[in-house]
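The values are calculated or read from the model by the stated rules, or taken from the named source; none is laboratory data. Remember, predicted model here, so these are calculated numbers, not experimental data. Here the Cβ is made from the backbone with ideal geometry for all residues, glycine too, and neighbour counts use every protein chain on show. To get the accessible areas, we keep the full protein, side chains included, count just its heavy atoms, and leave off ligands, DNA and RNA. Shrake-Rupley method; radii C 1.70, N 1.55, O 1.52, S 1.80 Å.
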Amino acid sequence: MNSTATDATDATDVTDASDPTDATAEQAAPDAPGEPGEPDVSDVSDGVDVSRRRWPRVLGALLAVALIATGGALYAEGRQLRDTPATANLALTDAEATTRVTGDVSSALGKIFSYGPGATAATRAAAKEVLAGKALQQYAALFGQVERQSADQKLTLTTEVVRAGVTRLTGSSAHLLVFLDQVYERRGRAPTTASAQLTVVAELREGRWWIVDIGST
């Protein structure tokens, strides 16, 4: 009799240990919040919000650095452009000075390259008022021949500057390219027209522009 009771008790213990209802309940029960291994949803949300708030500040700092770098580069480039020889050329920036030297040189060339059989003395005198240095020496050496030809051939020369451009201008010197129309008249012959192109160097002396060199091109 005791043996039978013991067997029944053992059978009951085996049935309780393998009860599927208890296993299912254990699997369905969720872990308690805060247990190890499970991230807290509120912590993740806070991290995302902090990251989103941080990005505008980071981008702002990067943009500020970029603007400062760009400004520095533009300043350096502008400084370099201001220091180049091109910007030292007043012909590009000083319209008044350019107009003045162009007018003075054009007027001077018209005087020294215009003469008649009885007016060479006036032309020679005018040359001394507008030419200096090498240009005056060259002109004086050639004008003697011009005077003889003008007297022998009854030659009259009229010169007009049709266009003059300043290629370089500083406070005291100017380089010009000048285009001329010249009309030759000999007694008993039809007038002849010719064109000429000259390079001229002028210097500002005592408030006036003097031609110091003349070349042909």
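Based on what the data block shows, is Ala140 in a helix (DSSP H, G or I), among the small types (Gly, Ala, Ser) and open to solvent by 30 Å² or more (accessible area, probe 1.4 Å)? Outline the logic, then answer.
Details: in a helix (DSSP H, G or I): yes; among the small types (Gly, Ala, Ser): yes; open to solvent by 30 Å² or more (accessible area, probe 1.4 Å): yes.
Yes: the conditions hold for Ala140.
Sort out which residues of the range 103-122 are open to solvent by 10 Å² or more (accessible area, probe 1.4 Å) and either free of Cβ contacts under 8 Å to residues at least 40 places away in the same chain or in a helix (DSSP H, G or I) (or both), and write them in order of number.
Gly103, Asp104, Ser106, Ser107, Gly110, Lys111, Pro117, Gly118, Ala119, Thr120, Ala121, Ala122
Filter the range 148-164 for residues that are open to solvent by 50 Å² or more (accessible area, probe 1.4 Å) and not aliphatic (A, V, I, L, M); which is nearest to the chain's Cα centre (by Cα)?
Only one residue tops the list, namely Arg163.
Consider only pairs whose beta carbons are under 8 Å apart and that are at least six residues apart or on different chains; among these, list those whose first residue lies in the range 176-189 and is of a type in the set (S, T, N, Q) and whose second residue is assigned to a loop (DSSP other than H, G, I, E, B) and surrounded by 15 or more Cβ atoms within 10 Å (Cβ to Cβ).
If the second residue must be assigned to a loop (DSSP other than H, G, I, E, B) and surrounded by 15 or more Cβ atoms within 10 Å (Cβ to Cβ), the pairs left are Gln182/Phe113.
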